[in-house]
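Coordinate-derived values only; no laboratory data. The structure presented is a predicted model; accordingly, all values stated were derived computationally and were not measured. Cβ placement follows ideal geometry from the backbone for every residue including glycine, while neighbour counts extend to all protein chains displayed.
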């Protein structure tokens, strides 16, 4: 146990916890969008708790078999045009395609409107089972990236597990706020979905050629773009709120002058 309390272990634990939270932002955004489409608040609460429990269990299980996962790197499951794809590459490719599909579908739903969706499919909201299945798939996609990061940052399994659990709890605590905030601001939801499409594309590129993707630093560009766009949207929201308040004051004065 003494090796867990050395300065090196403590620093790696703190760094890994921050990295896990940052990597989990994409996960939280998409899970929040899925939760907002569930039929009632009770289903949302149950799904959120299920997500946290399964998220922790899946990551701990992946960490336990991390050695085996890393050994699969370079061992091709199949080949396309002479290029081999191992387990991690396959998960990245399939996950990226799924993420793009779901994001584009959500954008289409948002642009077409709920009434149109009801006319076409007869239902606009997700059932609890549908929501859970989508959350589990999304979480599985992001779990692999999270676990590989943990394996490359910390040396001891106990530190990896502790950091992952803390990161999941932080994501769980903030997901209701993020879900409510995104639902109240449609432009922000559209912005988040647009970046999820880009993240899906980066996963496909990483699955196709991981070394080239890392050298290009694709995720760094995407996260920078997300942060910059989010700041611009926050400024727009502040300006819109000020304009609404001024309009409200103006209408109030008009009513007092001309009752």
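Highest-first packing order for the peptide set 225-235, 131-141, 41-51 is 131-141, 41-51, 225-235, based on the mean count of other beta carbon atoms within 10 Å. Computing FRET efficiency as 1/(1 + (r/R0)^6) for residue 90 and residue 68, where r is the C-beta to C-beta distance and R0 is 22 Å, gives about 0.90.
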